[in-house]
Amino acid sequence: MSWEVRTMRSATSSSERGRRFYPALWKKNMARFWPIWAVYALGWLVGLPLNLILNGQTTSTMNGMSYVRYFAVDTVRQLATFPTVATTLCFAILAAMAVFSYLYNSRSVAFFHALPLRREDLFLTNYLSGLSFLVLPAAGVFLLTLLAELALGVLDLRGLLVWLLVQVLLSFFFFSFAVFCAMFTGHILALPAFYGILNGLAVGLLYLVNQVLASFVYGYVDVGRLTELCDWLSPFFRLNNALNVETAWSVEGAGADRITMIQFHGMGTVFVYALAGAVLTAAALALYRRRQLEGAGDVVTVAWSKPIFKYGVGVCAALSVGQVFYEFFAYALPKGGWTLLVFLLLWGAAGYFVAEMLLQKTFWVFRGSWKGCVALGLVLTAFIAVMELDLTGYERRTPSPDRVVTAVLYATDTAPYDHGDGSV
């Protein structure tokens with residue numbers, strides 16, 4: 001006698017070997033979170049094909065050519081700079097919050113990981129779902145704009161391909177960056193905060209440190225190489241500075257014949273960040289494999305990053321809010337680095353304990369965390385001491401005459417306040 005048990009196959013899960021992508025889950029994500037990709041598509045539909053068609057109805061000219069021709073040749077490339085950076089930056093985090101939202105609720109995370117799916121398969125399907133929110137609308141807008149340019153007789157395929165390539169590569173990078181941030185937290189509101197801060201943290205910290213050093217260290221301006229590194233570590237700022245369109249016009253000719261050069265700058269930077277996106281995706285998958293599912297609801301879920309979070313919040317609070325309060329009380333207190341240190345210690349401790357409260361989800365954190373706060377205070381004190389006592393010898397150093405290339409002399413602001421020609 002033999003027994004045979006028949007089981008119904010799930011539409012959203014499978015234990016087949018070698019399977020990595022689940023179309024049913026992808027379709028569910030596309031249907032459930034349709035407002036994200038629909039709004040993204042609508043925005044670019046208005047910005048490109050509809051805008052092009054409306055320009056085709058006017059008889060106005062720009063630099064000797066019709067508006068519609070100018071739009072196809074120049075404006076499309078311009079839209080691949082800041083507008084593309086800003087939209088992909090914003091919608092990438094929305095897509096990541098949507099497709100990985102199940103990680104931030106204990107019941108949903110237990111349900112999804114109880115299905116007969118490997119973590120790698122679940123990650124890949126959700127990752128491709130979120131990326132589809134950005135890439136598929138861009139592809140659709142590209143095709144519609146291509147048809148509109150053909151209908152109006154102003155086709156500029158190279159410009160459209162530049163826009164599409166920048167769209168796809170930046171969507172890949174920013175979404176990968178958002179997914180990477182998603183793996184560090186179990187709280188959905190912390191995800192956009194981490195993502196936004198990390199996009200400009202390096203530039204912001206460097207600015208705050210430079211403010212302190214420029215105010216109290218004689219002769220200090222900045223560190224060129226460090227500035228460039230921090231610029232690269234802040235994708236939003238770097239891309240905005242790197243992406244631009246250079247157009248040269250001739251005084252002769254008519255219409256498009258007047259364009260002697262049109263060049264899109266910054267494509268190399270886009271490719272570098274696309275490679276970084278691949279690295280971030282691999283790192284996000286590695287973190288997802290080891291993710292503690294019980295961490296749903298925690299601000300930070302990765303153990304080794306919790307000290308970084310605590311001390312990072314403390315340093316940022318000290319350098320930002322501490323400097324604001326120092327300037328606010330500048331006329332009532334003695335000026336100098338030691339006065340600034342008082343405010344740095346106060347606000348550094350406040351930031352540190354607030355971060356500790358977020359991690360432990362309780363207000364009673366002082367007894368067990370004071371040692372870390374003292375360590376932070378010692379670091380801030382050492383920073384001010386090195387600066388004020390000139391322990392590095394920076395202020396006393398005089399460059400050798402044979403190494404001086406240029407010297408600039410700024411006139412002091414003294415009376416008489418005029419230009420020597422009788423005008424004030």
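The values are calculated or read from the model by the stated rules, or taken from the named source; none is laboratory data. Quick caveat: nothing in here was measured; it's all calculated off a predicted structure. All Cβ positions, glycine included, derive from the backbone under ideal geometry; neighbour counts span all protein chains shown. Side chains are part of the model used for accessible areas, which takes the heavy atoms of the whole protein and leaves out ligands, DNA and RNA. Shrake-Rupley method; radii C 1.70, N 1.55, O 1.52, S 1.80 Å.
If you take the residues of region 200-224 that are in a helix (DSSP H, G or I) and among the aromatic types (Phe, Trp, Tyr), which of them is nearest to the chain's Cα centre (by Cα)? So the residue we want is Tyr207. Considering region 91-143, the residues that are farther than 20 Å from Asp298 by Cβ and of a type in the set (D, E, K, R) include one that is modelled with the lowest pLDDT, namely Arg118.
Yes/no per residue for (1) of a type in the set (A, V, I, L, M, F, W, C); (2) crowded, with 16+ Cβ neighbours inside 10 Å:
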{"site": "Met261", "(1), (2)": "yes, no"}
{"site": "His265", "(1), (2)": "no, no"}
{"site": "Val270", "(1), (2)": "yes, yes"}
{"site": "Tyr273", "(1), (2)": "no, yes"}
{"site": "Arg290", "(1), (2)": "no, no"}
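The single condition among (1) assigned to a helix (DSSP H, G or I); (2) aliphatic (A, V, I, L, M); (3) over 14 Å from the mean Cα position of the chain (by Cα) that Ile197 does not satisfy is (3).
Of the residues Leu319, Leu345, only one is in contact with a helix residue (DSSP H, G or I) (Cβ under 8 Å, 6 or more places away or on another chain), aliphatic (A, V, I, L, M), more than 22 Å from Met97 (Cβ to Cβ) and open to solvent by 20 Å² or more (accessible area, probe 1.4 Å); which? Result: Leu345 is the single residue among Leu319, Leu345 that is in contact with a helix residue (DSSP H, G or I) (Cβ under 8 Å, 6 or more places away or on another chain), aliphatic (A, V, I, L, M), more than 22 Å from Met97 (Cβ to Cβ) and open to solvent by 20 Å² or more (accessible area, probe 1.4 Å).
Looking at Ala110, Ala41, which one is within 23 Å of Cys181 (Cβ to Cβ) and not basic (Lys, Arg)?
Just a single option satisfies the conditions, and that option is Ala110.
Residues in region 361-397 that are aromatic (Phe, Trp, Tyr) and in a helix (DSSP H, G or I): Phe366, Trp370, Phe383. If a residue must be outside any helix (DSSP H, G or I) and in contact with a Gly (Cβ under 8 Å, 6 or more places away or on another chain), how many such residues does region 74-104 contain? Number of matching residues: 3.
Check whether at least one residue in region 141-152 is under 12 Å from the mean Cα position of the chain (by Cα), small (Gly, Ala, Ser) and either crowded, with 17+ Cβ neighbours inside 10 Å or farther than 27 Å from Gly43 by Cα (or both), and report yes or no.
no
The listed residues are Phe123, Phe71, and the only one of them that is open to solvent by less than 20 Å² (accessible area, probe 1.4 Å) and either more than 19 Å from Arg291 (Cβ to Cβ) or not in a helix (DSSP H, G or I) (or both) turns out to be Phe71. Taking the criterion of being within 30 Å of Ala86 (Cβ to Cβ) and of a type in the set (Val, Ile, Thr), the residues of region 213-234 that qualify are Val223, Thr227. Scanning region 169-188 turns up no residue that is open to solvent by 10 Å² or more (accessible area, probe 1.4 Å) and free of Cβ contacts under 8 Å to residues at least 40 places away in the same chain. Here the condition is being touching a Pro at 6+ places or on another chain (Cβ under 7 Å) and among the small types (Gly, Ala, Ser); of Ala148, Ala214, Ala190, Ala242, it holds for Ala148 alone. For region 78-93, the tally of residues that are open to solvent by 10 Å² or more (accessible area, probe 1.4 Å) and within 17 Å of Ile262 (Cα to Cα) stands at 3.
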